[in-house]
Amino acid sequence: MLKFVTVCCVLAWAGSAVGQEIPPYIKQCRRSDPALTDCLKDALQHLRPYLSSGIPEIKLPSVEPFVMDQLSLQLTGGPQGYRINLKNMEVFGASNFTVRSIKLADGSKPFETRLTFPG
């Protein structure tokens, strides 16, 4: 899922190239925009239909379904903690996300975003 979010954010930010035609799946945001986080949220929302079908020119496959070979979670709460290992997962509805928030870089991390997926 992290890879999916990273691709979304990179595509949202990629529209800043000068002198090149901007593809329809990119909504351009400027770093100098005082409402940059709102612009990036809108750009990610704008990507949803393109992520659903894939973007062949950049070799991005459809996220419907979103396929994960393996996901391992380790929760340390509780008396002994919990470990969950999931394999061969298919997640449906991944392109129906809603962008809840975006927190821009503070120097130690590139960005943080929170997405909500339908339940």
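The values are calculated or read from the model by the stated rules, or taken from the named source; none is laboratory data. The shown structure was predicted, so the numbers you read here are calculated from the model rather than taken from an experiment. With ideal geometry, Cβ positions are generated from the backbone for all residues, glycine too; neighbour counts draw on all protein chains shown.
Could you check segment 78-89 and list, in sequence order, the residues that are surrounded by 10 or more Cβ atoms within 10 Å (Cβ to Cβ) and either farther than 30 Å from P23 by Cβ or touching a residue at least 40 places away in the same chain (Cβ under 8 Å) (or both)?
Scanning segment 78-89 gives Y82, R83, L86.
Can you pull out the residues in segment 55-102 that are closer than 21 Å to T116 by Cα and acidic (D, E)?
Of everything in segment 55-102, those that are closer than 21 Å to T116 by Cα and acidic (D, E) turn out to be E64, E90.
Could you list all residues from segment 58-89 that are assigned to a loop (DSSP other than H, G, I, E, B) and in contact with a Leu (Cβ under 7 Å, 6 or more places away or on another chain)?
Across segment 58-89, the qualifying residues are V63, G81.
If you check L71, L75, which single one turns out to be of a type in the set (A, V, I, L, M, F, W, C), at negative phi and loosely packed, with under 12 Cβ neighbours inside 10 Å?
Working: L71 fails: loosely packed, with under 12 Cβ neighbours inside 10 Å.
Being of a type in the set (A, V, I, L, M, F, W, C), at negative phi and loosely packed, with under 12 Cβ neighbours inside 10 Å holds for just one of L71, L75, which is L75.
Filter segment 33-61 down to residues that are closer than 29 Å to N85 by Cα and touching a residue at least 24 places away in the same chain (Cβ under 8 Å), then give me how many there are.
4
Of all residues in segment 90-111, which are modelled with pLDDT of 85 or more and either surrounded by 13 or more Cβ atoms within 10 Å (Cβ to Cβ) or within 18 Å of H46 (Cα to Cα) (or both)?
V91, G93, A94, S95, N96, F97, T98, V99, R100, S101, I102
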